[in-house]
Amino acid sequence: MDKVKTIISKEWAEVFKNKLVLFTVAFLPLLLVAMPLIMLPLMGSDPQEMDELPTALVGEMCTGLSQIECLQLYMMSIFTIMFMILPVMVPVTIAAYSIVGEKTTRSLEPLLATPITTLELLTGKMLAAVIPAVAVTWLTYLLFLTGIWFLTSAAVFRALLAPMWLLAILVVGPLLALFSVSIAIMVSSRVNDPRIAEQLSGAVAVPIILLLVGQSAGFILLSQELVLVIAAVVAILDIGLVYLAIQTFERESILTRWK
Amino acid sequence: MIEIENLTREFNGNVAVDRLSLQIAAGEVFGFLGPNGAGKTTTVRMLTTLIAPTSGRASLMGFEVGRDDREIRRRVGLLTETPGMYDRLSAWKNLTTYARLYEVTDVEGQVEKYLRLLDLWDRRYDAVGTYSKGMKQKLAIARALLHEPPILFLDEPTAGLDPEASRMVRDFISELRGAGRTIFMCTHNLDEADRLCDRIAVFKSRLRVVDTPSNLRQQLYGRQVIFHLAHEAEPLLAAVADRPYIQHSQAVQNKLLLSLEDPEQHNPELIRLLVGAGAEIQFVGEARRTLEEIYLQLVQEEAESDG
């Protein structure tokens, strides 16, 4: 465990000194908090806007809410799903740079010459990317909820604190972060350019974006049951991906093939 | 300390290291010489368990490569061809990270010891990216020594360094030599190998020759004595031509160069013979071949035999 902590500490020390990585990590979360909080005060109670909302969704969500509250809840629920994209996107930059960065600076050979196991090395690198992603997601979600508290009614706030959303952010979020990081580490071990690793790993966000589109268009109704199913599926995938990432991390190929 | 038997490594059918067999004793400084692409780094990587041999075996301090890899890594220090430090981090952070990975008990004490020893203490909190090449190399040496390994692998320790930095690194290796560590050093720098190494191997995919620098000189050239004369040396060649113990004779201006099996035994007779033939000898000395001459001779012989 000491070696895992050492790797995490080293990774963070490097990440926090890399302005480009830091900017990439911070930009999306800040945007995600700022956008809804700017939008909320600008929302009106135009009946035409209400007509544009998916009927099935409105029926489920808006019981006992006024028109404006319903509109606010609908918009904010879309943004809440976007908070599930954060743990996918934020760690990709850190994780993608993780192995490729070591290759380009030629620091991987002395690192692999230490008595660290592949499991310890990759656990350290994965956690170094997952922990900030989860922390940033939770922190920005807290800021988001604080803004909601001030800018909407108690009913809307309570609706956004429903167990389904908490489950999505507090459980599915970290699982998605691990999913994204495992793929980024696998890609990073096989390419020589951090940007390629980042782009390929970024594709992991596509299913979440589809979920977002499905929910906003009314094709998919996100429910507590569905979130639980997503959590279970991602957890199983995570176990498989972490195992695969460790099995396919071939020290020898990485050392001898990079140029 | 290090035992290597028929160690072989192939890459896609190309043999990089071919049946290498060697024994290196504890405390020995062993020079591993060879041209670029000879397989020196591959050998070091196999011995430090970074890559696996295709066949053959090697053991370090009784630990088998491929079976006891973690134990070997705990006991060897590796200076890679490029320093490979984390440039954004300070020297302190770099070394404390590695000390923890090498399971050092007194992390801060060991880091301080080597930063002071290598004269980097005052710059310990500066980002390594701001260091000169020589400073980075010293830091990489410190990293290789943090866990006090009994065996040290140095892959081209002075490559790319300016003469001052090279000398600094060489002096430090010389100090390590006195500390009783076993050092396996790959180098292109023949003068460096000559000065630092107890034995030298010339390697080009397979082991060409291995011996002490002085034995290598003797094997190839015998021992050469130079007679400095007050006149041209050419006329004296005939006077010594019939001596059976002279392996090779040559006259260069006022110098007579004679290769002898045993100069201590034959010099007195030769001096008498030369004086009798009218030579005015100013002084007598032993010619010392540089390792570069030996190396080039071996490589040339190898090329001729391959051709």
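The values are calculated or read from the model by the stated rules, or taken from the named source; none is laboratory data. The structure presented is a predicted model; accordingly, all values stated were derived computationally and were not measured. Glycine also receives a Cβ, built like all others from the backbone with ideal geometry; neighbour counts cover every protein chain displayed.
Counting the residues of region B:215-243 that are at pLDDT 80 or above, within 26 Å of B:Leu298 (Cα to Cα) and not aliphatic (A, V, I, L, M) gives 1. Any chance region A:111-132 includes a residue that's out of contact with any helix residue (DSSP H, G or I) (no Cβ under 8 Å at 6 or more places or on another chain), within 14 Å of another protein chain (Cβ to nearest Cβ) and among the charged types (D, E, K, R)? For region A:111-132, residues out of contact with any helix residue (DSSP H, G or I) (no Cβ under 8 Å at 6 or more places or on another chain), within 14 Å of another protein chain (Cβ to nearest Cβ) and among the charged types (D, E, K, R): absent. Exactly one residue out of A:Met39, A:Met35, A:Met50 is at pLDDT below 75, away from chain B (no Cβ under 14 Å) and either surrounded by fewer than 16 Cβ atoms within 10 Å (Cβ to Cβ) or in a helix (DSSP H, G or I) (or both): that is A:Met50.
Would you check if B:Arg116 is in a helix (DSSP H, G or I) and of a type outside the set (Val, Ile, Thr)?
yes
Yes/no matrix, rows are residues, columns are (1) within 13 Å of another protein chain (Cβ to nearest Cβ); (2) under 13 Å from B:Gly77 (Cα atoms):
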residue: B:Asp126; (1), (2): yes, no
residue: B:Tyr131; (1), (2): no, no
residue: B:Ala140; (1), (2): yes, yes
residue: B:Pro150; (1), (2): no, yes
residue: B:Asp155; (1), (2): yes, yes
residue: B:Thr158; (1), (2): no, no
residue: B:Asp162; (1), (2): no, no
residue: B:Ala165; (1), (2): no, no
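Residue check: is A:Leu65 more than 14 Å from chain B (Cβ to nearest Cβ), in a loop (DSSP other than H, G, I, E, B) and closer than 20 Å to A:Leu166 by Cβ? Judged against the criteria, A:Leu65 is a match. Of everything listed in (1) at the interface with another protein chain (Cβ under 9 Å from one of its Cβ atoms); (2) out of contact with any Lys or Arg (no Cβ under 6 Å at 6 or more places or on another chain), the single unmet condition for B:Tyr98 is (2).
Quick one: in region B:53-84, of everything that is small (Gly, Ala, Ser) and outside any strand (DSSP E or B), which residue is nearest to the other protein chains (Cβ to nearest Cβ)? Quick ask: steps written out before the conclusion?
To start, the set of residues in region B:53-84 that are small (Gly, Ala, Ser) comprises B:55-56, B:58-59, B:62, B:66, B:77, B:84.
Still in the running and outside any strand (DSSP E or B): B:62, B:66, B:84.
Values: B:Gly62: 17, B:Gly66: 12, B:Gly84: 4 Å.
It comes out as B:Gly84.
Taking the criterion of being in contact with a strand residue (DSSP E or B) (Cβ under 6 Å, 6 or more places away or on another chain) and in contact (Cβ under 8 Å) with a residue 40 or more places away in the chain, the only residue of region B:242-278 that qualifies is B:Pro263. Of the residues making up region A:9-27, those that are away from chain B (no Cβ under 11 Å) and either within 17 Å of B:Glu103 (Cβ to Cβ) or without any contact (Cβ under 8 Å) to a residue 40 or more places away in the chain (or both) are A:Leu20, A:Leu22, A:Phe23, A:Phe27. Of all the numbered requirements in (1) at pLDDT below 90; (2) in contact with a Pro (Cβ under 6 Å, 6 or more places away or on another chain), A:Val134 misses one, and that requirement is (1). Every listed requirement among (1) within 8 Å of another protein chain (Cβ to nearest Cβ); (2) closer than 21 Å to A:Arg106 by Cβ is met by B:Glu103 save one, (2).
If you go through region B:102-127 and keep only what is in contact (Cβ under 8 Å) with a residue 24 or more places away in the chain and within 31 Å of the chain's Cα centre (by Cα), you end up with B:Tyr102, B:Glu103, B:Val104, B:Gln110, B:Val111, B:Tyr114, B:Leu115, B:Leu117, B:Leu118, B:Leu120, B:Arg123, B:Arg124. Scanning region A:98-110 for residues that are in contact with a helix residue (DSSP H, G or I) (Cβ under 7 Å, 6 or more places away or on another chain) and either β-branched (Val, Ile, Thr) or closer than 18 Å to A:Phe16 by Cβ (or both) gives A:Ser98, A:Ile99, A:Val100, A:Gly101, A:Glu102. Residue count for region A:234-259 under the criterion of being outside any helix (DSSP H, G or I), within 14 Å of chain B (Cβ to nearest Cβ) and surrounded by fewer than 18 Cβ atoms within 10 Å (Cβ to Cβ): the result is 3.
In region A:83-101, is there at least one residue being within 14 Å of chain B (Cβ to nearest Cβ), out of contact with any Gly (no Cβ under 8 Å at 6 or more places or on another chain) and surrounded by fewer than 23 Cβ atoms within 10 Å (Cβ to Cβ)? Within region A:83-101, one or more residues are within 14 Å of chain B (Cβ to nearest Cβ), out of contact with any Gly (no Cβ under 8 Å at 6 or more places or on another chain) and surrounded by fewer than 23 Cβ atoms within 10 Å (Cβ to Cβ).
If you go through region B:239-251 one residue at a time, how many are over 27 Å from B:Asn215 (Cβ atoms) and surrounded by 14 or more Cβ atoms within 10 Å (Cβ to Cβ)? Adding up the residues that qualify gives 2.
Test of understanding: among A:Ala205, A:Ala168, A:Ala159, which residue is surrounded by 14 or more Cβ atoms within 10 Å (Cβ to Cβ) and at pLDDT 85 or above?
That would be A:Ala168, the only listed residue that is surrounded by 14 or more Cβ atoms within 10 Å (Cβ to Cβ) and at pLDDT 85 or above.
Looking only at region B:85-95, residues that are within 9 Å of another protein chain (Cβ to nearest Cβ), part of a helix (DSSP H, G or I) and buried (at least 24 other Cβ atoms within 10 Å of the Cβ) come to 1 in all.
Of the residues A:Ala135, A:Ala184, which single one is surrounded by 24 or more Cβ atoms within 10 Å (Cβ to Cβ) and closer than 21 Å to A:Val204 by Cα?
Step by step, each of A:Ala135, A:Ala184 is checked, and only A:Ala184 is surrounded by 24 or more Cβ atoms within 10 Å (Cβ to Cβ) and closer than 21 Å to A:Val204 by Cα.
One residue is enough: does region B:214-224 have a residue meeting the conditions within 30 Å of B:Lys136 (Cβ to Cβ) and under 14 Å from the mean Cα position of the chain (by Cα)? No, region B:214-224 contains no residue that is within 30 Å of B:Lys136 (Cβ to Cβ) and under 14 Å from the mean Cα position of the chain (by Cα). For region B:223-238, residues that are out of contact with any Lys or Arg (no Cβ under 9 Å at 6 or more places or on another chain), buried (at least 17 other Cβ atoms within 10 Å of the Cβ) and over 14 Å from B:His266 (Cα atoms) total 1.
Checking each residue in region B:252-272 for being of a type in the set (A, V, I, L, M), within 33 Å of the chain's Cα centre (by Cα) and surrounded by 14 or more Cβ atoms within 10 Å (Cβ to Cβ) picks out B:Leu256, B:Leu257, B:Leu258, B:Leu260.
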